[in-house]
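J.: Take a look at this one; I'll ask things after.
The values are calculated or read from the model by the stated rules, or taken from the named source; none is laboratory data. Note that this is a predicted model, so its numbers are computed, not measured. When we count neighbours, we look across all protein chains shown, and the Cβ atoms used for this are built from the backbone with ideal geometry, even at glycine.
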């Protein structure tokens with residue numbers, strides 16, 4: 001059995017690194033440019049894409065581990081054990097985040113209440129979740145805390161607040177551009193319908209549900225900022 005690291009060729013290492021970078025760039029491109037367009041037709045595209053990324057990276061990790069194990073078993077086992085032991089809290093959060101995403105127990109835009117926080121889920125990452133509390137503050141919560149606690153979905157005291165945003169630009173932007181702006185806005189509910197209508201070559205109307213009444217001004221400033229970048 002061979003334990004020498006020198007037997008792993010530089011070409012093979014570069015190929016693995018290039019494959020990882022290519023996967024990362026591909027996922028970033030799809031998430032930034034294709035998912036917002038597909039979301040108009042497929043409401044569940046975001047959670048499906050998140051699950052696809054998890055499966056792809058897990059498969060890639062298993063492939064790398066198997067390749068390293070075949071080359072030098074002892075070194076691979078020792079390094080893997082050290083990584084798991086030293087980063088056990090991080091890996092526990094990763095595992096909890098994976099379960100949350102695959103079970104759909106929690107979704108972005110949900111208004112939740114626990115024994116330590118109440119607010120709206122803005123973004124679910126693998127190791128932590130960003131929650132906007134009722135004061136408008138952004139709170140980072142480890143996924144193990146959310147997975148292990150009792151989570152309730154209380155009804156709001158009011159119905160979802162549907163707002164209309166009238167946008168005017170100096171450039172003739174495509175309809176898809178306005179949809180992308182709306183889907184990327186952190187103050188709009190991802191679980192509610194978003195409609196966009198171009199009333200003229202330089203004007204558009206976005207009708208969407210804001211997460212909380214206090215976010216209306218922030219949503220207006222968001223659209224003004226990004227529309228301002230394009231004129």
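J.: Condition check: surrounded by 14 or more Cβ atoms within 10 Å (Cβ to Cβ), in contact with a strand residue (DSSP E or B) (Cβ under 8 Å, 6 or more places away or on another chain) and under 17 Å from residue 128 (Cα atoms). Does residue 54 satisfy that?
T.: No.
J.: Name every residue in the stretch 201-223 that is in a helix (DSSP H, G or I) and in contact (Cβ under 8 Å) with a residue 60 or more places away in the chain, in order of residue number.
T.: Passing the criteria: 214, 215.
J.: Give the stretch 144-162 a look and list any residue that's modelled with pLDDT of 85 or more and surrounded by 17 or more Cβ atoms within 10 Å (Cβ to Cβ), or say none.
T.: 144, 146
J.: Across the stretch 164-175, which residue is surrounded by the most Cβ atoms within 10 Å (Cβ to Cβ) among those that are modelled with pLDDT under 85 and touching a helix residue (DSSP H, G or I) at 6+ places or on another chain (Cβ under 7 Å)?
T.: Selected residue: 173.
J.: Mind checking which helices (runs of 4 or more DSSP H) fall wholly inside the stretch 81-192 and carry at least 1 residues that are over 24 Å from residue 50 (Cα atoms)?
T.: Answer list for the stretch 81-192: 175-184.
J.: Does residue 75 count as without any contact (Cβ under 8 Å) to a residue 60 or more places away in the chain, surrounded by 11 or more Cβ atoms within 10 Å (Cβ to Cβ), over 23 Å from the mean Cα position of the chain (by Cα) and in the same structural domain as residue 56 (by TED's automatic domain parsing)?
T.: The answer is no for residue 75.
J.: Quick one: would you say residue 207 is more than 26 Å from residue 30 (Cβ to Cβ) and at pLDDT below 85?
T.: Judged against the criteria, residue 207 is not a match.
J.: Ok, one more. Specify the residue that is nearest to the chain's Cα centre (by Cα); the eligible residues are those in the stretch 1-19 that are exposed (fewer than 14 other Cβ atoms within 10 Å of the Cβ) and at pLDDT 75 or above.
T.: Looking at residues that are exposed (fewer than 14 other Cβ atoms within 10 Å of the Cβ) and at pLDDT 75 or above, I get 19.
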